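> Take a look at this one; I'll ask things after.
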Amino acid sequence: VTLHLNPISSVHIHQKPLVFLLNSPLPLVWKLKTERLAPGVQRVFFVSLGSVVQFEKGNFSLSAETEEKLFPEKNEHLLQWAQKEYGAVTSFTELKISRNIYIKVGE
């Protein structure tokens, strides 16, 4: 699955830390494609067991962190866990089948 990340239109370059929980019932390769995300900013990708994140060449992979995690099975429990762990969830998306996911990050 290709995860496309770019800032909302009112933000020229996104310069804040981000945390993503990428959960799947089967192991996946998450291919990351980004635009206008500042290098050197911490971004954390938690993936379900057996999954990996592949970064583009010249991407911010040096400041990104990937960690496998055993997530709660149901989405409601995953959302509750994320809210407890991080204090807020700004976006939650559930897809049954997809090759591309487009996410706008911003304020």
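The values are calculated or read from the model by the stated rules, or taken from the named source; none is laboratory data. Quick caveat: nothing in here was measured; it's all calculated off a predicted structure. Here the Cβ is made from the backbone with ideal geometry for all residues, glycine too, and neighbour counts use every protein chain on show. Calculation scope for accessible area: heavy atoms of the full protein, side chains included, ligands and nucleic acids excluded. Shrake-Rupley method; radii C 1.70, N 1.55, O 1.52, S 1.80 Å.
> Are any residues in the stretch 1-10 part of a loop (DSSP other than H, G, I, E, B) and either modelled with pLDDT under 90 or hydroxyl-bearing (Ser, Thr, Tyr) (or both), and if so, which ones?
If the condition is that a residue be part of a loop (DSSP other than H, G, I, E, B) and either modelled with pLDDT under 90 or hydroxyl-bearing (Ser, Thr, Tyr) (or both), then Ser9, Ser10 are the ones that fit.
> Are any residues in the stretch 30-79 open to solvent by less than 30 Å² (accessible area, probe 1.4 Å), out of contact with any Ser or Thr (no Cβ under 7 Å at 6 or more places or on another chain) and aliphatic (A, V, I, L, M), and if so, which ones?
Answer for the stretch 30-79, where residues must be open to solvent by less than 30 Å² (accessible area, probe 1.4 Å), out of contact with any Ser or Thr (no Cβ under 7 Å at 6 or more places or on another chain) and aliphatic (A, V, I, L, M): Leu32, Leu37, Ala38, Val44, Ala64, Leu78.
> Filter the stretch 89-107 down to the residues that are free of Cβ contacts under 8 Å to residues at least 12 places away in the same chain and over 24 Å from Arg36 (Cα atoms), then identify the one that is surrounded by the most Cβ atoms within 10 Å (Cβ to Cβ).
Per the criteria, the residue is Leu95.
> Go through the stretch 1-29 residue by residue and tally those that are exposed (fewer than 15 other Cβ atoms within 10 Å of the Cβ) and either in contact with a Lys or Arg (Cβ under 9 Å, 6 or more places away or on another chain) or within 24 Å of Trp81 (Cα to Cα) (or both).
12
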